[in-house]
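Below: one structure, written as structure tokens.
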Amino acid sequence: MVQRCLALVCLAAAAGCHAGGWPGLPAPSEAAPLPEGPRQTITVEVPRPDIPPSPLPSLYRHLTAEECRRRTFQATPVADVLAVPADMPRLRRLKHGEGEIWNLIRAYAADELRNRHMAEALSDFYRLAAAEGQYDRLRQAEQLLQDQAHSLEKAVQQGVRSAQDLLTVQRQLLEVRSRLAQVESLRIALNAALAERLGLPGADPPLWPTVKLQVDPRDVAVEAAVDLALTYRPDLNLLRLLLQVDGRALAQAEGLLQAIHPLLSTGPAPSPLQTLLAELRKAPTLWEQRGRSLVEAVLQARQRQVTAEVRAAIAARQGQRTVAAARQSQVEFWRQQLAELEKRQAAGQAVTAELLAARLELLQAEAALLQAAADWHRADLQLRQALGLLVRE
């Protein structure tokens, strides 16, 4: 009783100290009101770098799409651990054949990881190919505009051309240099990401994507592709194998179900007595029935999702092919325009401004074509990932 009273006294004293502030500390005061005033202007200040752009590397590590796929297959995290057949006492206690089923489940889980990892790496590979091609064309455009700017500066000094013409070319030059800086940053980031995905020790020397961005004009049969995905997708085959194991072994699927959604759970396992009674009746327990029903529901939902993924990937692939064809038409148009202007210049006509504009338009059209072709390859890659074929190629 005495101890209880002392405890109450201590609590009351602590509450009093907290309410009035700790000894030696100033009491909290009301926050001062924020200053008020009219609307202001938000300014930007970026220091201008004095360092000239870094020169292009003289040495690259050449990388093909096939080599990228092969190295990514080998470097996928955790996949090697899952792919190795497990020989644990827990598996040896399972019924005949179920240990092999669980090893197959592990192998399909490894395939699923590799399928996603290879899609990410190859997507970066094609993005890097587009970036490198665009970078070269931007450098050519920069050189053209620099030469033109120097010529106009002399013409303006001589009073032959107006200062507005020079300002227009200088503005174009600044836009090209801004785009060059963006592409340069993207090249560095993609090199670092690819080096990590391929298991390379570093991103120096940089990678050079050795590839021909050729668009396949053939269509993909939608229903045949859906059937292929439903047959080969490793995540679907993993769930199908889970339905073949003994009901009591479904506890191993608990982590998989909760990874799909935290609320998916088989619930608490049955007691030994419930398990014994179920074996005597030769019937599954309610827990086993619930686990199997959950796996079946997840399998059906994933099959519908896979079907939608394949259809969407085919539509995206066809759309990107249309975009690439339009970009190719633009390139051909500007090549014809440039050829005609060069003929007129050779005939003695003054077409200097038109020639510069046509050359810049052609470089811009070629850069857009590169991007469209790379986007088509990435869409084709997304389709192969949806089909579950990347890991089988």
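The values are calculated or read from the model by the stated rules, or taken from the named source; none is laboratory data. Model, not experiment: these values are computed from the prediction. Counting neighbours? That spans all protein chains shown, and the Cβs are built from the backbone with ideal geometry, glycine included. Each accessible area value is taken on the protein alone, full model and side chains, heavy atoms only, with ligands, DNA and RNA left out. Shrake-Rupley method; radii C 1.70, N 1.55, O 1.52, S 1.80 Å.
Below are the figures for this structure:
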{"read-out": "Residues located in region 148-166, provided they are more than 16 Å from Glu354 (Cβ to Cβ) and either touching a helix residue (DSSP H, G or I) at 6+ places or on another chain (Cβ under 7 Å) or not in a helix (DSSP H, G or I) (or both)", "value": "Ala149, Glu153, Val156, Gln158, Gly159, Val160, Ser162, Ala163, Leu166"}
{"read-out": "In region 161-190, residue surrounded by the fewest Cβ atoms within 10 Å (Cβ to Cβ) [restricted to those that are over 28 Å from Ala129 (Cα atoms) and hydrophobic (A, V, I, L, M, F, W, C)]", "value": "Ala163"}
{"read-out": "Unique residue being within 28 Å of Asn191 (Cβ to Cβ), modelled with pLDDT of 60 or more and either open to solvent by less than 100 Å² (accessible area, probe 1.4 Å) or among the hydrophobic types (A, V, I, L, M, F, W, C) (or both) when the list is Pro47, Pro55, Pro77, Pro85", "value": "Pro77"}
{"read-out": "Number of the condition not met by Ala386 [criteria: (1) farther than 20 Å from Ala229 by Cβ; (2) among the small types (Gly, Ala, Ser); (3) assigned to a helix (DSSP H, G or I)]", "value": "(1)"}
{"read-out": "Breaking point among (1) open to solvent by 60 Å² or more (accessible area, probe 1.4 Å); (2) of a type in the set (Val, Ile, Thr); (3) free of Cβ contacts under 8 Å to residues at least 24 places away in the same chain, for Thr210", "value": "(3)"}
{"read-out": "In region 191-206, the residues that are closer than 24 Å to Asn115 by Cα and open to solvent by 60 Å² or more (accessible area, probe 1.4 Å)", "value": "Glu196, Pro201"}
{"read-out": "In region 334-383, the residues that are part of a helix (DSSP H, G or I) and β-branched (Val, Ile, Thr)", "value": "Thr352"}
{"read-out": "Ala192 within 27 Å of the chain's Cα centre (by Cα) and either among the β-branched types (Val, Ile, Thr) or in a helix (DSSP H, G or I) (or both)", "value": "yes"}
